[in-house]
1. Checking residue 127 against (1) modelled with pLDDT of 95 or more; (2) out of contact with any helix residue (DSSP H, G or I) (no Cβ under 6 Å at 6 or more places or on another chain), which test does it fail?
2. So which residues in region 72-88 are crowded, with 16+ Cβ neighbours inside 10 Å and either within 27 Å of the chain's Cα centre (by Cα) or more than 20 Å from residue 163 (Cα to Cα) (or both), if there are any at all?
3. I need a count of the residues in region 315-330 that are assigned to a helix (DSSP H, G or I) and either under 20 Å from residue 285 (Cα atoms) or of a type in the set (Gly, Ala, Ser) (or both).
4. What's the total number of residues in region 331-361 that are among the aromatic types (Phe, Trp, Tyr) and in a loop (DSSP other than H, G, I, E, B)?
5. Pairs only if they're at least six apart or on different chains, beta carbon under 7 angstrom, first in region 124-142 and under 30 Å from residue 183 (Cβ atoms) and in a loop (DSSP other than H, G, I, E, B), second of a type in the set (S, T, N, Q) and at pLDDT 95 or above; list them, first residue then second.
6. Are any residues in region 86-120 touching a Pro at 6+ places or on another chain (Cβ under 8 Å) and farther than 22 Å from residue 341 by Cβ, and if so, which ones?
7. Tell me which residues, restricted to region 288-300, are surrounded by fewer than 23 Cβ atoms within 10 Å (Cβ to Cβ) and touching a helix residue (DSSP H, G or I) at 6+ places or on another chain (Cβ under 8 Å).
8. Within region 108-123, which residues are farther than 16 Å from residue 162 by Cβ and either in contact (Cβ under 8 Å) with a residue 60 or more places away in the chain or not in a loop (DSSP other than H, G, I, E, B) (or both)?
Amino acid sequence: MSMSYRENLVRAMKRNHPEFIPFEFSFVAPLAERLKKETGCDNLEEYFNRESYHARMGIKNVAAAPTRNPNDYRRYFAALPYRDELIISEWGSANRPGDFMHFTHMESPLKNASSLRDIEKFTEPDVDAPYRWVNARKQVDKLHAQGYAVTGFSGHTFETAWQIRGMEEFLADMYLNKSWCECLNARIALKNLECVKYIVGAGADVLRLGDDVGMQTGMMFSPELWRELYKPWMKKYIETAKGINPDILVWYHSDGKIYDIIPDLIEIGLDILNPVQPECMDPFELKKKYGNKLSFWGVIGTQTTMPFASAKEVKDTVKNYIKGIGKDGGLCLAPTHVLEPEVPLENINAMMDAIEEYGRY
């Protein structure tokens with residue numbers, strides 16, 4: 001191989017004749033534990049790597065260090081009978097154990113907010129504190145020296161907002177209390193914007209942005225509302241990132257069917273669309289329509305192919321995506337979600353075998 005994983009990923013995402021198909025995948029904890037038992041190997045990354053250079057994992061992530069000053073959000077949940085079971089996130093949303101696998105029930109601290117003042121006085125975490133990012137450059141430099149491509153996620157906007165306020169409450173606020181939405185969005189986005197600066201300034205190759213704003217059948221709320229409430233912030237993130245490093249690659253994630261906003265994302269400077277769920281968006285259609293402007297990261301179905309196809313079907317699907325969507329670059333192959341407990345070992349092996357066999361240009 002004449003180029004590192006890092007060089008190859010950048011060339012692939014810029015649609016500039018890479019040597020091989022880059023890829024990534026990860027597991028939910030129950031699946032990881034099952035696979036460790038089935039394989040007898042604790043290091044699953046090494047287990048699934050293949051012999052050839054191009055079929056070995058080469059993408060790592062840089063993130064903020066843990067906070068030294070966690071906020072105490074327990075007062076928001078004091079009336080809940082199961083308050084002692086809650087695991088509270090850095091942004092104050094809480095999860096309690098569910099009764100199926102790794103799924104949990106979410107509790108939102110501002111669910112009962114009754115005024116804009118309740119939104120304004122909510123305490124933010126220190127995700128943008130300099131001490132949390134002071135070692136980011138060293139982390140990136142070390143990974144680059146090892147040949148890895150490095151990504152960094154600056155934080156959700158819509159998802160963090162609805163988790164704080166409550167899904168139903170926040171969607172209602174979009175129509176009934178828009179100033180509340182705007183206030184909460186701004187407080188989150190200004191924090192994320194500082195994280196964008198740290199990630200890009202540290203030398204990461206890919207800045208990850210995004211929110212799940214799509215359902216299987218269409219947008220979760222109207223494209224017009226997305227353009228009003230979220231497009232300006234996404235544009236600000238991208239402009240800020242490319243102002244620091246014009247060569248930074250910007251990645252946007254949303255599950256679901258989001259055809260309506262893809263032209264908007266291209267307009268504001270997006271480079272990479274993730275995850276391109278094949279159950280509700282056609283990756284081949286997107287390649288044909290936008291392949292000269294966008295690269296695609298994902299495309300392997302985790303609702304269909306990975307859990308329920310045969311190993312041969314998995315291998316054939318991966319081959320077809322490599323040959324079609326990966327033509328001339330523009331594809332980082334990945335399952336469209338963290339692999340869930342139903343995925344058999346044979347199907348992950350089949351995916352890796354296909355990458356090894358067909359993943360060279």
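1. Checking residue 127 against (1) modelled with pLDDT of 95 or more; (2) out of contact with any helix residue (DSSP H, G or I) (no Cβ under 6 Å at 6 or more places or on another chain), the one that fails is (2).
2. Listed by number, the residues that qualify are 73, 86, 88.
3. Within region 315-330, the first condition is being assigned to a helix (DSSP H, G or I), and the residues that meet it are 315-324.
Narrowing further to those that are either under 20 Å from residue 285 (Cα atoms) or of a type in the set (Gly, Ala, Ser) (or both): 316-324.
Number of matching residues: 9.
4. At the first step, the residues of region 331-361 found to be among the aromatic types (Phe, Trp, Tyr) are 358, 361.
Add one more test, that the residue is in a loop (DSSP other than H, G, I, E, B), and what stays is 361.
The total comes to 1.
5. As it stands, the answer is 125/67; 125/71; 126/67; 126/69, since those pairs meet every condition given.
6. The answer is 90, 91, 92, 93, 94.
7. Residues of region 288-300 surrounded by fewer than 23 Cβ atoms within 10 Å (Cβ to Cβ): 288-294.
The answer is 290, 293, 294.
8. Filtering region 108-123 down to residues farther than 16 Å from residue 162 by Cβ leaves 114-117, 120-121, 123.
Answer for region 108-123, where residues must be farther than 16 Å from residue 162 by Cβ and either in contact (Cβ under 8 Å) with a residue 60 or more places away in the chain or not in a loop (DSSP other than H, G, I, E, B) (or both): 116, 117, 120.
The values are calculated or read from the model by the stated rules, or taken from the named source; none is laboratory data. Owing to the predicted nature of the structure, the values given are computational and were not obtained by experimental measurement. Here Cβ is always computed from backbone atoms with ideal geometry, including for glycine, and neighbour counts include all displayed protein chains.
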